[in-house]
Amino acid sequence: MSLRARLALSFAAVGAVVAALVGLLSYRAASDRVLAETDRTLKSTTVAVVRDRAGALAVVDAMTRGPALYPGPDLPGPGDEKERQLVVRSVAPDGTTSHLGGPPVELPVSGAVRGLAASGAPGRTDTAESAVGGHTYRGLTTALGGNRGALQVAVRIDQTHYVLGGMAREMAGASLTVTLLAAGAGWLLARRLARRLEQLARTAEQVSTESLAGLDGTGFTREADAAGPGGGIAGAGGRDEVGRLSESFSRMLARLTAAREAQEQLVQDAAHELRTPLTSLLTNATVLRRATELAPDAHARLLDDVEGETRELGLLVDELVQLALAGSRDEPDEPVDLAELAGRGARRVYRRTGRLVHVDSDGSVVQGLRYALERAVGNLLENAAKFDPDGREPIEVRIRAGAVVVSDRGPGIDTADLPRVFDRFHRADTARGLPGSGLGLAIVREVARVHGGTVSAARRAGGGAMVGFSVAAERVRSVRGARRDGTE
């Protein structure tokens with residue numbers, strides 16, 4: 001059974017139960033009030049007969065000869081001319097009855113009535129309904145005590161039953177109408193509710209088949225929003241459970257699609273970049289087959305070329321792995337002191353190149369991935385050392401509010417290259433002869449993205465470049481105060 005059908009049946013069941021309970025309680029309340037009014041009439045008549053039998057019976061006879069007390073439609077029954085109201089009779093201790101007033105109706109004498117007439121305490125009563133001649137009478141029997149028997153007053157209540165029966169039929173009709181309306185409302189609401197869920201199911205099925213064509217993460221949101229406010233759910237506005245589920249699914253789909261596209265782009269870029277060293281190695285291997293024909297110096301240059309291409313290929317593979325793992329490395333999210341990372345990176349650069357690094361930090365502590373952040377800072381320092389080999393001035397690292405900027409006095413960055421310095425495998429003209437794969441700054445950008453931050457690159461006044469990254473403001477845990485270190 002579909003979700004729509006189950007919701008419609010559930011609404012119908014709830015509507016039926018509520019309507020039935022309301023109808024039953026309303027019918028019981030109306031019936032009790034009508035019968036209570038009838039019982040008050042019987043009691044008042046009984047009291048009047050006890051106090052003044054002659055006068056009360058005269059009133060009863062006048063009512064019998066007059067029009068009906070409760071006029072209503074003609075009801076079936078032999079000899080019915082009009083609704084006669086009150087029957088008054090006495091019941092002797094031995095159970096025999098005597099007609100005192102009203103129409104001569106022979107009401108049955110039950111065991112309870114006999115008991116009241118024979119030995120009932122004065123004032124004790126018994127109320128009962130009985131059918132006589134196709135009509136229903138409601139009688140009140142009151143014990144007189146002192147071996148005087150009992151007084152019985154009855155009234156025909158066909159009209160009361162007719163009214164209550166009509167009320168019951170109307171309530172049953174109203175309950176059926178409410179049930180049908182609830183079922184209809186449930187079906188409409190289920191349609192609107194299931195629309196987005198069905199879309200989620202279809203998208204999940206498409207994703208499960210690894211077919212992400214046409215799913216850009218935002219297309220799903222636009223399709224859902226096109227259904228109306230709340231994505232087709234009245235009043236949801238993306239704030240209810242289904243709305244939040246849809247938004248979360250849309251964000252997940254966007255990230256999945258972006259990851260898939262990034263993966264495909266990485267594979268394409270890697271294939272392109274790997275093709276050059278592999279082609280060179282293949283060419284050199286072909287030449288090596290004729291190594292005996294080469295001059296000693298040509299043979300040495302060939303071996304040096306093979307070693308260089310192999311090192312470049314190894315470096316490229318390492319950086320490809322680092323780039324692929326930049327956002328997915330299994331490490332905890334923890335507080336990280338950026339100055340500490342910069343200090344370790346500075347010492348490492350000094351050991352490798354002999355370059356001096358100055359760290360100017362405000363003591364920023366951020367919540368992030370320690371290894372990824374250390375890799376990003378290290379790449380910035382190695383990039384600065386590579387482009388500024390002369391070392392006229394120390395490399396400067398400035399850390400402010402979770403942002404790291406590394407400055408050097410190298411040749412700087414051409415204006416045309418500024419938008420592309422963080423692209424994968426991008427090599428500026430000034431870097432063609434330098435070692436590297438063009439992935440170092442791409443890794444920095446990926447680390448910044450994982451931490452909700454951005455990257456920046458600019459020309460430095462007086463020559464050189466300023467390259468850095470930042471993390472999201474909510475990841476900055478504390479800023480302890482400015483500190484400047486010189487690392488050799």
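The values are calculated or read from the model by the stated rules, or taken from the named source; none is laboratory data. For clarity, every value in this text was computed on a predicted model and none was experimentally measured. Positions of Cβ are generated from backbone atoms using ideal geometry, with glycine treated the same way; all protein chains shown enter the neighbour counts.
Here are some notes:
- Residue within the stretch 328-338 that is free of Cβ contacts under 8 Å to residues at least 60 places away in the same chain and in a helix (DSSP H, G or I) present: no
- Residue satisfying condition, being under 25 Å from R156 (Cα atoms) and buried (at least 17 other Cβ atoms within 10 Å of the Cβ), within set L24, L42, L7: L42
- Selection of first residues in the stretch 194-218 that are within 12 Å of F249 (Cα to Cα) and of second residues that are at pLDDT below 70 and part of a loop (DSSP other than H, G, I, E, B), restricted to Cβ pairs under 8 Å at least 6 apart or on distinct chains, gives the following pairs, ordered by first then second residue: R196/A227; R196/G232; R196/I233; T203/L215; V207/L215.
- Count of the stretch 113-122 residues, restricted to those that are surrounded by fewer than 16 Cβ atoms within 10 Å (Cβ to Cβ) and in contact with a strand residue (DSSP E or B) (Cβ under 7 Å, 6 or more places away or on another chain), is 2.
- Residue within the stretch 72-79 that is modelled with pLDDT under 65, under 59 Å from the mean Cα position of the chain (by Cα) and of a type outside the set (K, R) present: yes
- Candidates A183, A154, A236, A172, filtered to the one that is surrounded by fewer than 18 Cβ atoms within 10 Å (Cβ to Cβ) and either of a type in the set (G, A, S) or modelled with pLDDT of 80 or more (or both): A172
- Of the residues T177, T136, the single one that is closer than 30 Å to A20 by Cβ, part of a helix (DSSP H, G or I) and either polar (S, T, N, Q) or more than 58 Å from the chain's Cα centre (by Cα) (or both) is T177.
- Applying a threshold of 8 Å to beta carbon distances and a minimum spacing of six or more residues, or different chains, the list of pairs starting in the stretch 108-127 at a residue that is without any contact (Cβ under 8 Å) to a residue 60 or more places away in the chain and ending at one that is among the basic types (K, R) and part of a loop (DSSP other than H, G, I, E, B) reads L116/R124.
- Qualifying residue in the stretch 432-449 (condition: of a type in the set (K, R), modelled with pLDDT under 80 and not in a strand (DSSP E or B)): yes
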